[in-house]
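Visitor: Got a structure for you, questions after.
Only the coordinates and a few stated rules stand behind these numbers; no lab work does. Since this is a predicted model, take the numbers as computed values, not measurements. Every residue, glycine among them, receives a Cβ derived from its backbone with ideal geometry; neighbour counts consider all protein chains shown.
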Amino acid sequence: MLSGLTIGQYHVPYPLIQGGMGVRISAHRLAGNVALNGGIGIIAAAGLALNSDRYDGRNFYAADRQALVDELHKAYEIAPDGIIGTNCMVAVKNYDDAVRASCEGGAKLIISGAGLPMNLPGLTADFPDVALVPIVSSVKAAELIVRKWQKTYQRFPDAIVVEDPDTAGGHLGEKMERIGTGEYDQYATVRGVKAYLKDKWDLVIPVIAAGGVWDRDDLQYALAQGADGVQMGTRFVVTEECDASDEFKQAYLDCSQEDIGLIMSPAGLPGRAIRKNIDQVRQRDVDLDTYCPSACLKKCAYQKSRERFCIIHALDRSQKGDTETGLIFCGTNAWKADRISTVKEVFAELFPEEEQATG
Ligand SMILES: Cc1cc2nc3c(=O)[nH]c(=O)nc-3n(C[C@H](O)[C@H](O)[C@H](O)COP(=O)(O)O)c2cc1C
């Protein structure tokens with residue numbers, strides 16, 4: 001495992017990306033500390049304005065962009081030489097702006113999913129050193145992206161993340177009825193994407209497995225199955241450095257396997273979360289008739305017809321500690337959390353021999 005991971009011109013000693021987690025679950029502290037420990041640290045761009053001193057209640061888009069640049073700068077204060085990037089979701093209305101702010105703020109890579117990032121190379125054209133990494137859940141999605149990028153921009157992705165809808169946290173790239181049926185094969189998809197890139201384009205880039213990786217056994221399994229690295233989210237929530245509130249982390253410590261399930265996001269995508277408070281998440285917006293203050297999504301069932309709930313504020317609330325009416329995204333492994341550790345401890349557990357080898 002010591003060969004690490006190279007994406008574009010960036011190299012890290014460990015084949016590990018910390019997945020972007022919005023809203024402010026992975027901000028500067030988590031991303032900076034993962035980068036400091038030899039992984040790739042990712043700041044989730046979604047909804048950073050909320051709770052930032054840039055936001056005055058009316059300037060959501062401007063504040064969101066400035067807050068992203070601020071988070072990048074603060075992450076580099078923690079890990080000046082680290083490899084730090086952003087996660088930009090195609091489904092958000094200010095996606096283009098988030099991508100540009102990432103480049104201007106010094107992101108070394110942009111990981112992009114929750115929709116197909118078809119125009120990502122166009123948005124980053126002035127920053128050719130920024131590595132571009134789409135997230136897909138199928139070989140078909142990878143094909144669509146690579147064909148479009150080649151045809152329009154003559155650019156290949158620098159890596160591809162294959163996210164498993166059966167295990168990953170947050171928004172999922174598969175239809176609700178097809179999740180958890182046993183049909184999906186995460187590592188067949190990883191190998192399928194690699195084979196497509198090699199056979200069709202003679203391209204060898206890292207293909208990263210996301211979803212369901214908790215410990216060293218999972219990591220070794222992923223690598224043995226053909227992944228070049230892993231992207232981990234849930235495990236990093238229960239670290240001291242994670243940017244979420246103590247209450248959010250405690251919800252992971254307290255949850256059982258049965259508490260974790262699927263919800264339908266107002267974005268029209270399924271998501272995985274702690275389901276037991278989902279009625280309160282909805283009820284709060286009904287009781288308060290919450291007005292849509294941010295217009296954060298391109299397509300939002302709540303903004304359009306008050307269906308479901310206002311997701312950005314539901315995620316903001318849980319991040320700040322309201323785990324009664326806040327939405328708590330998590331992967332299927334959250335129930336395994338039994339203590340809060342440091343990012344350094346997570347790395348030491350995942351890479352014990354390498355830790356010894358590097359002293
Ligand atoms: C709390 C939480 C928030 C997340 N938010 C995002 C997000 O904003 N954008 C995104 O692309 N993925 C998001 N994800 C997915 C993670 O980046 C990662 O790919 C996934 O959780 C990996 O699976 P694991 O949690 O089993 O390790 C989120 C996951 C969690 C647990």
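Visitor: Give the separation of the Cα centroids, segment 158-196 to segment 51-117, in Å.
Guide: Using only Cα atoms to place each centre, the spacing works out to 25 Å.
Visitor: Right, next: Pairs Lys276/Lys304; Lys140/Lys336; Lys74/Lys304; Lys108/Lys304; Lys148/Lys175: which are spaced more than 28 Å apart, C-alpha to C-alpha? Write out the running numbers ahead of the final one.
Guide: Working: Lys276/Lys304 26 Å; Lys140/Lys336 33 Å; Lys74/Lys304 36 Å; Lys108/Lys304 36 Å; Lys148/Lys175 23 Å.
Among Lys276/Lys304; Lys140/Lys336; Lys74/Lys304; Lys108/Lys304; Lys148/Lys175, the Cα-Cα distance tops 28 Å for Lys140/Lys336; Lys74/Lys304; Lys108/Lys304.
Visitor: Enumerate the calculated ³J(HN,Hα) couplings along segment 153-162 in order (Karplus 6.51 cos²θ - 1.76 cosθ + 1.60, θ = phi - 60°), each rounded to whole Hz, writing x wherever the residue is Gly or Pro.
Guide: Once θ is set to phi - 60°, the couplings for segment 153-162 become 10, 6, 9, 9, x, 8, 6, 10, 9, 9 Hz.
Visitor: Please give me, ordered by residue number, the trypsin sites (Lys or Arg not before Pro) of segment 113-176 that lie in loop per DSSP and have at most 11 other Cβ atoms within 10 Å.
Guide: Passing sites in segment 113-176 are Lys175.
Visitor: Exactly which trypsin sites (Lys or Arg not before Pro) in segment 1-97 are in a DSSP loop and have at most 15 other Cβ atoms within 10 Å? Mind showing how you got there, number by number?
Guide: Values: sites: Arg24, Arg29, Arg54, Arg58, Arg65, Lys74, Lys93; in loops: Arg24, Arg54, Arg58, Lys93.
Here the sparse-neighbourhood loop sites are Arg58.
Visitor: Could I ask something else about it? For the charge dipole of the chain, defined by +1 on Lys and Arg C-beta atoms and -1 on Asp and Glu C-beta atoms about the Cα centroid, which residue among His11, Asn59, Ala244 has the Cα displaced farthest towards the positive pole?
Guide: Highest projection toward the positive end goes to Asn59.
Visitor: Add +1 for every Lys or Arg and -1 for every Asp or Glu among the other residues with Cβ under 9 Å from the Cβ of Leu262, and state the total.
Guide: Values: positive: Arg272, Arg275; negative: none.
Net charge in that neighbourhood comes out at +2.
Visitor: What trypsin sites (Lys or Arg not before Pro) in segment 240-337 are in a loop by DSSP, with at most 13 other Cβ atoms within 10 Å of the Cβ?
Guide: Details: sites: Lys249, Arg272, Arg275, Lys276, Arg282, Arg284, Lys298, Lys299, Lys304, Arg306, Arg308, Arg317, Lys320, Lys336; in loops: Lys298, Lys299, Arg306, Arg308.
Those that pass, being in a loop and sparsely packed, are Lys299.
Visitor: Between rounded, prolate and oblate, where does segment 1-151 land on the alpha carbon gyration tensor, with a ≥ b ≥ c its root eigenvalues, rounded for a/c under 1.5, else prolate if a/b exceeds b/c?
Guide: On the way: a/c = 1.77, a/b = 1.10, b/c = 1.62.
Cα axes put segment 1-151 in the oblate bin.
Visitor: According to the square roots a ≥ b ≥ c of the eigenvalues of the Cα gyration tensor, what is the shape class of the chain, taking rounded for a/c under 1.5, prolate for a/b larger than b/c otherwise, and oblate for the remainder? Numbers along the way, then the final one.
Guide: Working: a/c = 1.32, a/b = 1.21, b/c = 1.09.
Rounded is the answer for the chain, as its axis ratio a/c remains below 1.5.
Visitor: Could you run the Karplus curve 6.51 cos²θ - 1.76 cosθ + 1.60 with θ = phi - 60° over segment 299-313 and give me ³J(HN,Hα) per residue in whole Hz, x for Gly and Pro?
Guide: Working through the residues one at a time gives 10, 9, 5, 6, 5, 6, 9, 6, 7, 6, 7, 7, 6, 5, 6 Hz.
Visitor: Sticking with this one: How large is ³J(HN,Hα), in whole Hz, for each residue of segment 33-39 in order, when computed from phi with the Karplus curve 6.51 cos²θ - 1.76 cosθ + 1.60 and θ = phi - 60°, using x for Gly and Pro?
Guide: Ordered by residue, 3J(HN,Hα) equals 6, 5, 5, 4, 8, x, x Hz.
Visitor: Can you tell me the dipole magnitude for segment 249-320 around its Cα centre, using point charges on the Cβ only (Lys, Arg +1; Asp, Glu -1), in Debye to the nearest 20? Display every interim value, and only then the final one.
Guide: Values: 13 positive and 9 negative charges, 59 e Å.
It comes to approximately 280 debye.
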